[in-house]
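J.: Before I ask anything, let me first share the structure, which is written out below as structure tokens.
The values are calculated or read from the model by the stated rules, or taken from the named source; none is laboratory data. In this text, all values refer to a predicted model and were calculated from it rather than measured experimentally. No Cβ is skipped: glycine too gets one built from the backbone with ideal geometry, and neighbour counts run over all protein chains shown. Surface accessibility is based on the protein's heavy atoms, side chains included, excluding ligands, DNA and RNA. Shrake-Rupley method; radii C 1.70, N 1.55, O 1.52, S 1.80 Å.
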Amino acid sequence: MADRILSHEKIQHKIRRIAYQIHESNVDEKEIVVAGIKGGGMSFAKKISAILEDITQSKITLCEVSMNKDNPLKSGVMTSLSESDYKNKSIVLVDDVLNSGATLIYGVHHFLKTPLKQLKTAVLVNRNHKRFPVKADFKGISLSTSLNEHVKVVFKTKNDAVYLE
């Protein structure tokens with residue numbers, strides 16, 4: 001049985017708060033690259049980008065980051081932007097849930113191969129079961145869960161939700 005942890009309204013509030021935090025940490029930047037990890041991370045990145053476009057004069061560039069989440073070393077990390085499109089820019093790497101940290105750390109590793117002004121991470125749900133030394137700079141909620149529990153994020157028009165299963 002799934003318990004609803006965050007309602008649509010609470011998620012919208014958290015998205016807005018994270019967008020303002022991103023804006024504050026990039027207040028002098030002409031462009032911010034919001035890089036969403038394919039799937040829930042990209043959906044979350046689009047929502048953050050929409051708010052950023054309303055609150056900042058900076059150009060907001062959306063980038064999709066894709067990898068095989070089960071074996072990122074084998075698949076490698078690909079982005080919808082070329083390296084020259086994000087070189088020497090401020091990047092925010094976005095995912096919906098930070099579980100073990102593997103997806104985020106491989107995404108961070110990919111971007112660190114290129115000179116950047118700044119690299120930050122944002123997640124909607126931060127679980128405390130990390131295997132890798134990665135942290136979320138911006139997070140909606142932190143959850144201490146058991147290893148056998150699953151966090152499910154659902155992005156649906158006017159019905160976003162986070163469930164603990």
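J.: So which residues in the stretch 16-47 are out of contact with any Gly (no Cβ under 8 Å at 6 or more places or on another chain) and open to solvent by less than 10 Å² (accessible area, probe 1.4 Å)?
T.: Ala19, Ile22, Asn26, Ile32, Val33, Val34, Gly36, Gly41
J.: Further question on the same structure: What single numbered condition from (1) over 15 Å from Ser66 (Cβ atoms); (2) within 11 Å of the chain's Cα centre (by Cα) fails to hold for Val94?
T.: (1)
J.: Something else: From the list Ser90, Ser144, which one is of a type outside the set (Lys, Arg) and surrounded by fewer than 13 Cβ atoms within 10 Å (Cβ to Cβ)? Don't jump to the end; show me each part of the working.
T.: On the way: Ser90 fails: surrounded by fewer than 13 Cβ atoms within 10 Å (Cβ to Cβ).
Going through Ser90, Ser144 in turn, the sole match is Ser144.
J.: Considering only the stretch 2-19, state which residues are among the small types (Gly, Ala, Ser) and either under 19 Å from Leu164 (Cβ atoms) or part of a strand (DSSP E or B) (or both).
T.: Of everything in the stretch 2-19, those that are among the small types (Gly, Ala, Ser) and either under 19 Å from Leu164 (Cβ atoms) or part of a strand (DSSP E or B) (or both) turn out to be Ala2, Ser7.
Conditions (1) more than 18 Å from Val27 (Cα to Cα); (2) open to solvent by 40 Å² or more (accessible area, probe 1.4 Å), marked per residue:
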{"residue": "Ile60", "(1), (2)": "no, no"}
{"residue": "Asn68", "(1), (2)": "yes, yes"}
{"residue": "Ser80", "(1), (2)": "yes, yes"}
{"residue": "Tyr86", "(1), (2)": "no, no"}
{"residue": "Val97", "(1), (2)": "yes, no"}
{"residue": "Ser100", "(1), (2)": "yes, no"}
{"residue": "Tyr106", "(1), (2)": "yes, yes"}
{"residue": "His110", "(1), (2)": "yes, no"}
{"residue": "Pro115", "(1), (2)": "yes, yes"}
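J.: Residues in the stretch 54-69 that are touching a strand residue (DSSP E or B) at 6+ places or on another chain (Cβ under 9 Å) and either small (Gly, Ala, Ser) or free of Cβ contacts under 8 Å to residues at least 24 places away in the same chain (or both): how many?
T.: 2
J.: Open to solvent by less than 60 Å² (accessible area, probe 1.4 Å), of a type in the set (Lys, Arg) and out of contact with any Lys or Arg (no Cβ under 9 Å at 6 or more places or on another chain): is that true of Lys120 in this structure?
T.: Taking the combined requirement at face value, the residue satisfies it.
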